[in-house]
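For reference, the structure discussed in these notes is given below.
The values are calculated or read from the model by the stated rules, or taken from the named source; none is laboratory data. Predicted model only: the values in this text are computed from it and were never measured. Note that we place each Cβ from the backbone using ideal geometry, even for glycine, and neighbour counts take in every protein chain shown. For the accessible areas, the whole protein counts, side chains as well, though only heavy atoms, and no ligand, DNA or RNA atoms are used. Shrake-Rupley method; radii C 1.70, N 1.55, O 1.52, S 1.80 Å.
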Amino acid sequence: MTRRLIYAANWKMNHGPAEALAFAERFLQLTSPVEDRDLWFCPPAVAIRVVAEALRLRPDVRVGAQNVHWEPKGAFTGELSISMVMEAGARVVLVGHSERRHLFGETDEQVARKTVTALATGITPLVCVGETSAERESGRTESVIQRQVEAVLARVGPSDWSRVVLAYEPVWAIGTGKNATPDDAAQVHELIRFQLAQRGVAIRVPILYGGSVSLANVLSLLARPELDGVLVGGASLDPDRWAELVGLGG
Ligand code: PEP
């Protein structure tokens with residue numbers, strides 16, 4: 001069976017509505033759908049609608065949110081519910097990105113709750129896991145990844161995993177220009193697959209790699225069959241570069 005690759009762009013706090021629209025229009029000029037390849041765009045929440053509308057005729061594109069709250073509504077100033085981002089056009093949501101975990105104190109428990117609510121509401125959660133450099137250097141990569149995945153396993157039943165996508169994003173590789181080697185990434189992907197299988201998840205859950213993916217390394221990373229795609233920050237911010245990158249691999 002051939003892999004269906006996912007190329008997911010995380011724009012973080014870049015590209016408000018006007019810039020996002022200009023990006024989408026340029027991207028449409030440069031690309032057309034490629035078989036067996038899905039392109040996901042996670043702009044800032046205020047630009048979800050404009051990107052979803054601009055790219056609505058592209059069957060290969062899904063627009064996503066970068067974060068949501070797990071509650072459907074209420075007194076949570078500054079937060080967005082899943083139905084709100086869906087109303088704006090999101091069909092995917094990043095959950096537990098390392099910047100949410102490490103800069104904003106998001107816990108494993110909160111990541112799991114967001115995943116459960118995303119599944120219940122009908123949006124695809126892209127759940128991110130990854131170790132810090134201190135954790136890797138002290139030989140704790142395996143235990144940290146297992147703990148983060150276990151938190152989701154504890155709340156999401158085996159059959160619901162058919163609607164979950166995971167991303168392995170070592171924290172030390174995000175925005176640093178220092179990517180994991182294809183071997184290192186593949187090893188952690190295998191570890192996650194083994195853990196899912198042990199817990200009765202028979203479905204092949206797509207696992208993306210993220211962390212300083214670029215035009216220079218995407219081919220060697222995607223050459224590894226353990227990787228089902230990439231989650232990209234910095235190299236997704238320029239439409240010409242992103243159009244070139246999503247044309248590579250597979
Ligand atoms: C990310 O934001 O998920 C990411 C992987 O960023 P970068 O590609 O810039 O390392």
- Query: Using θ = phi - 60° and the Karplus form 6.51 cos²θ - 1.76 cosθ + 1.60, what ³J(HN,Hα) does each residue of segment 136-153 get, whole Hz, x for Gly and Pro?
  - Reply: 5, 5, 8, x, 9, 3, 4, 5, 5, 4, 4, 5, 5, 6, 4, 4, 7, 4
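Hey, if we sort V116, V188, V46 by accessible area with the 1.4 Å probe, largest down, what's the order? Write out the running numbers ahead of the final one.
On the way: V116 50, V188 10, V46 110 Å².
Order by accessible area, largest first: V46, V116, V188.
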- Message: At 1.4 Å probe size, put R140, R101, R56 in order of accessible surface, largest to smallest.
- Response: R56, R140, R101
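Between D183 and A45, what length in nm is gained on full extension when 0.36 nm per residue of separation is reduced by their alpha carbon distance? Write down the numbers at each step before the final one.
Values: separation 138, 0.36 × 138 = 49.68 nm, distance 3.45 nm.
Here the segment from D183 to A45 would lengthen by 46.2 nm.
Relative to the compact-globule scaling 2.2 N^0.38 Å, provide the ratio for the alpha-carbon radius of gyration of segment 46-87.
Numbers: Rg = 12.0 Å, N = 42, 2.2 N^0.38 = 9.1 Å.
Its radius of gyration relative to the 2.2 N^0.38 Å reference: 1.32.
Please compute the contact order of segment 1-47 in relative form: average sequence separation of alpha-carbon pairs under 8 Å and at least six residues apart, divided by the residue count, as a percent.
Numbers: 49 pairs, mean separation 31.2, N = 47.
Taking the mean separation of contacting Cα pairs over the length of segment 1-47, I get 66 percent.
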- Item | Pairwise label distance in nanometres, E87 with R147, each label 7 Å out on the Cα-Cβ vector | 3.8
- Query: Which aspartates and glutamates, on any chain, are close to K73 with Cα under 18 Å apart, when same-chain ones fewer than 8 places away are left out?
  - Reply: E87
- Query: What figure in square angstrom, to the nearest 10, would you give for the accessible area of S159 with a 1.4 Å probe?
  - Reply: 90
- Message: I'd like the distance separating the alpha-carbon centroids of segment 180-204 and segment 1-49, in whole Å.
- Response: 26
- Computed accessible area, D240, all protein chains, 1.4 angstrom probe, square angstrom: 70
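Could you look at segment 43-106 and say what percent of its accessible area is carbon and sulfur, using a 1.4 Å probe and all protein chains? Kindly include the intermediate steps, with their values, before the conclusion.
Values: 1810 of 3240 Å².
Ligands and nucleic acids excluded, carbon and sulfur reach 56 percent.
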- Could you order K12, K73, K178 by accessible surface area, starting with the largest, using a probe radius of 1.4 Å? K73, K178, K12
- Task: Would you be so kind as to identify which of L227, P72, T124 lies farthest towards the positive end of the dipole of the chain, taking Lys and Arg as +1 and Asp and Glu as -1 on Cβ and the Cα centre as origin?
- Result: P72
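What does the net charge come to around H102 if you take all other residues with beta carbon closer than 13 Å to its beta carbon, with K and R at +1 and D and E at -1? Write down the numbers at each step before the final one.
Details: positive: R100, R101; negative: E99, E106, D108, E131, E135, E169.
Once all neighbours under 13 Å are counted, the net charge is -4.
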- Note on the structure: Expressed in square angstrom to the nearest 10, the accessible area of M84 with a 1.4 Å probe stands at 100
- Net charge near V205 (other residues with Cβ under 10 Å of its Cβ; Lys, Arg +1; Asp, Glu -1) is +2
- Query: Which whole-Hz couplings ³J(HN,Hα) result when phi for each residue of segment 158-168 is put into the Karplus expression 6.51 cos²θ - 1.76 cosθ + 1.60, θ = phi - 60°, listed in order with x for Gly and Pro?
  - Reply: x, 6, 6, 5, 5, 10, 10, 10, 10, 10, 8
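Once you list every other residue whose beta carbon is under 12 Å from the beta carbon of V218, what net charge do they have if Lys and Arg are +1 and Asp and Glu are -1? Each step should come with its number before you reach the end.
Working: positive: R224, R241; negative: E244.
Net charge in that neighbourhood comes out at +1.
Determine the gain in length on full extension of the stretch M13-E35; use 0.36 nm per residue of separation and subtract their C-alpha separation, reporting nm with one decimal.
On the way: separation 22, 0.36 × 22 = 7.92 nm, distance 3.03 nm.
The span from M13 to E35 would gain 4.9 nm if fully extended.
Residues of segment 27-175: accessible area per residue at 1.4 Å, in Å²? Walk me through the intermediate numbers first.
Working: 6670 Å² over 149 residues.
For segment 27-175, the solvent-accessible area averages 45 Å² per residue.
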